[in-house]
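Remarks on the structure that follows.
The values are calculated or read from the model by the stated rules, or taken from the named source; none is laboratory data. This structure is a prediction, so every number in the text was calculated from the model and none was measured. Neighbour counts run over all protein chains shown; Cβ positions are idealised from the backbone, glycine included. For the accessible areas, the whole protein counts, side chains as well, though only heavy atoms, and no ligand, DNA or RNA atoms are used. Shrake-Rupley method; radii C 1.70, N 1.55, O 1.52, S 1.80 Å.
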Amino acid sequence: MTVPEIREAKTAGFCFGVSRSVEMAQKLLESETSVCSYGQLIHNADVVEELRKKGLRVISSSDEIRPGESVLIRAHGVKKSVIDALEAAGASVTDATCPKVKAIHKIVANAAAAGRTVLIIGMKNHPEVEAIRGWCGESEVLEDEEETRSFLTLHPEFSSKPTTVVVQTTQTHSNFNNCVNLIKNLCTNLQIFDTICLATFTRQNEAAELASECGAMVVIGGRHSANSVHLAQICEESCDNVQFIERAEDLDLDRLRGCSRIGLTAGASTPAWIIKEVRNKMEDVKANDTVAEELSFDEMLEETLKPIYNGEKVTGIVTGIGNTEVTVDVGTKYTGFIPTTEFTDGGAKVEDSVKVGDEIEAIVVRVNDVEGTAQLSKKRLDAAKFWDDVEAASENGTVVEGVVTEENKGGVVVTVNGVRVFVPASQTDLPREAELAQLLKKNVKLKITEVNKARKRVVGSIRRAVQEERNALRDAIWENIEIGKQYKGVVKSLTNYGAFVDIGGVDGMVHVTELTWGRIRHPSEVCKVGDEMDVYVINFDKENHKISLGAKDPDANPWQMFTDKYSVGDVAEVKIVKLMPFGAFAEVVPGVDGLIHISQLADHRIASADEAVAVGDVVNAKITAIDEEKHKISLSVRAALEPAAEAEEAPAEE
Ligand code: F3S
């Protein structure tokens, strides 16, 4: 049996505003003989009772004031008219309104003075919201997205009405953003103030994170405390076993047993001593679970009859592999099973991932007491572990791998160890107009660029991973490059003067004359973008990052082929390729031309070359001279026709 770990939120308990108001009350009670608060000072019955015992009365109207009494305004604040009435009744008013709430009063008062209507995102009957309405003129309270939508539909005049939006300090950002997005769509004369208290925001984020990591969550707070209610709701989004309690006696310890990790948080009006009492009670579970190592046989039998809870981590042994599920013995009366689909990502076989007899860890997803089964999920457990990895990957810039499982409007979703990572279209490494669907089912490498564990949002970039890989290859190329080194490259682009070839992270240029031994006018005659090409380094400039490449096959060197085949005196079948005033050029072998001087084109005198030959003609010509150094050849048709002719008179090509 493992010892359960208790994780307490750092932000649990009194916030600055509540703490300040309680301190002000205590000071007032020490210095004044008669003190009352207008409404309950904070939303915690125990604290209110404590203060009542020390003499703090609670009133709800200025009529209830006793002569000479000091009145304390609670942290939530009150309407301006209440303060006016209290002062008019002769009361000494001490304002303990939280400064953050006071700031909202100022915003809405200024808005009213400027003739603006105020929209408040919040709970209609909450004292903080009621008080805010008492500091402005025309106002409306919108609780959620749905109410905002119907309000705006019924009030099209808001499209041009000067409007100021504020939000109750303890609201969630998601509700605020959802409402504001709708308001933005309609209203053109808008001021928006995000007045959510940072303390609330931080507390909610921490709670969400804890809830996603724990098998059970305990949230302490008053039933009427808006921030505590929100806190419990947020925890329920990630954890199936949440207890929302007011004090230690409400805690159900049985619901915590068997959990390896239990989270604890508390609302802003929960005093430290209540948190401590709850914590102490939770420690009992820890102690009881720890001694389970010494259980007797009967106790062990009882252990197997113990319930298991949703969200709990269990360890079991695989006892069977069926078509639809893998059965797992988790050591209790429940038969655990994991759907086989959890093991078949990317077309893999279940047997490749798990076999009978394997020990396996999983999270309990659903317990069916009637059937005695418990659906388990290994993926969810892996996902929980993955959060640690993903955060580390984000911090360290590590590259992770996954499969593209979805395409949506803004990009693709890559599933990495069961966790969905969103990759925006601009980060996919595809050209802007390319179809994202081509990535579906592909294995990709990516870097994690954003992690919001509380909102279960991970963003990644395939592009950055590809770029990093290219950078590493590029550095390796520059480190090892040398003249003559050969590479397999891919043609990236063509220009009039050559082809740019990617040799694995670096582009080099193959000049048009280095593409082939034959004569070509444009690189497109021998290659196209995307072609693979064997190249070698002719020259390089590390400083300016320039590489000249060659692609000619040394085994197909035409001059070599010519000299292997022919010698002076041989007669070759040549093809006329160009006519000149002084004769004609003829191709002897592909890539090697020779000159036939005009005097050697025929066995009689001619005035111009075209009297004897035309481009494309194939004629016999005798090789009369070879200049090895300059790679020049002299040919003679006349000598081939008349072996006795003075072939040696023909000059070599100039
Ligand atoms: Fe003030 Fe924020 Fe607390 S608004 S009362 S500090 S939750």
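By its C-alpha gyration tensor, with a ≥ b ≥ c as the square roots of the eigenvalues, how is segment 331-430 shaped: rounded for a/c under 1.5, else prolate for a/b larger than b/c, else oblate?
Verdict is prolate for segment 331-430.
If each DSSP helix of 4+ residues adds -39,500 (n - 2.57) and the sum is divided by the residues in the chain, what number results at 222 nm, nearest 500 deg cm²/dmol?
-9000 deg cm²/dmol
Taking the Cα centre of the chain as the origin and placing charges on Cβ (Lys, Arg +1; Asp, Glu -1), which of 633, 35, 494 is farthest toward the positive end of the dipole?
Positive-end residue among those listed: 35.
Could you rank the peptides 319-327, 616-624 by their average count of other C-beta atoms within 10 Å per residue, with the highest value first?
Sorting 319-327, 616-624 by mean packing, highest first, produces 616-624, 319-327.
Distance from the Cα centre of segment 477-539 to that of segment 346-389, in angstrom?
The two parts, judged by their Cα centres, are 52 Å apart.
Rounded to the nearest percent, how much of the accessible area of segment 531-628 (1.4 Å probe, protein heavy atoms only) is carbon and sulfur?
46 percent
When the Karplus curve 6.51 cos²θ - 1.76 cosθ + 1.60 is applied with θ = phi - 60°, which whole-Hz ³J(HN,Hα) does each residue of segment 87-92 get, with x for Gly and Pro?
In residue order, the calculated couplings are 5, 5, 7, x, 7, 8 Hz.
When ligands, DNA and RNA are left out and all protein chains stay put, how many square angstrom of accessible area per residue does the chain have with a 1.4 Å probe?
Per-residue value: 51 Å².
Can you tell me which aspartates and glutamates have their Cα less than 20 Å from the Cα of residue 124? Leave out same-chain residues fewer than eight positions away.
Here the aspartates and glutamates satisfying the reach criterion relative to residue 124 are 138, 140, 143, 144, 145, 146, 147, 194.
Largest first, what is the accessible-area ranking of 334, 38 with a 1.4 Å probe? Mind showing how you got there, number by number?
On the way: 334 10, 38 35 Å².
Ranking 334, 38 by accessible area, largest first, yields 38, 334.
On the protein heavy atoms, probe 1.4 angstrom, tell me the percent of accessible surface of segment 1-108 carried by carbon and sulfur.
50 percent
Taking loop as defined by DSSP and a crowding limit of 13 other beta carbons within 10 Å, which trypsin sites (Lys or Arg not before Pro) in segment 352-429 fit?
Qualifying residues, ordered by number: 355, 409.
Just going by the charge dipole of the chain, with Lys and Arg at +1 and Asp and Glu at -1 on Cβ, which of 180, 364, 588 is farthest out on the positive end?
Farthest towards the positive end: 180.
For segment 547-644, what is the charge dipole size about the Cα centre, in debye to the nearest 20, if Lys and Arg each add +1 at the Cβ and Asp and Glu each add -1 at the Cβ? Walk me through the intermediate numbers first.
Numbers: 9 positive and 15 negative charges, 38 e Å.
Its charge dipole is roughly 180 debye.
Highest mean first, how do 200-207, 568-575 rank when packing is the count of other Cβ atoms within 10 Å averaged over residues?
For the peptides 200-207, 568-575, the packing ranking is 200-207, 568-575.
Place the peptides 390-403, 519-532 in order of packing, highest mean first, counting for every residue the other Cβ atoms within 10 Å and averaging per peptide.
With the highest mean Cβ count within 10 Å placed first, the list reads 390-403, 519-532.
Throw me the Rg/Rh for the chain, computed over C-alpha atoms with Kirkwood Rh, two decimals.
Rounded to two decimals, Rg/Rh equals 1.28.
About the Cα centre, and with charges only on the beta carbon of Lys, Arg (+1) and Asp, Glu (-1), how big is the dipole of segment 1-154? Nearest 20 debye, please.
Dipole magnitude for segment 1-154 comes out near 400 debye.
Can you pull out the GluC sites (Glu not before Pro) in segment 454-516 that DSSP calls coil and that have at most 13 other Cβ atoms within 10 Å? All intermediate terms of the calculation are to be shown ahead of the outcome.
Working: sites: 468, 469, 479, 482, 514; in loops: 482.
Loop-located and lightly packed - 482.
In whole percent, and with a 1.4 Å probe on the protein chains, what portion of the accessible area of segment 313-372 is carbon and sulfur? It would help to have the intermediate numbers written out before the result.
Values: 1520 of 3380 Å².
In segment 313-372, the share of accessible area belonging to carbon and sulfur is 45 percent.
Using the Cα centre as the reference, give the magnitude of the dipole from point charges on the C-beta atoms of the chain (Lys, Arg: +1; Asp, Glu: -1; all else neutral), rounded to the nearest 20 debye.
2700 debye
Restricting attention to segment 450-525, which chymotrypsin sites (Phe, Trp or Tyr not before Pro) occupy a DSSP loop and are surrounded by at most 14 other Cβ atoms within 10 Å?
Answer by residue number: 497.
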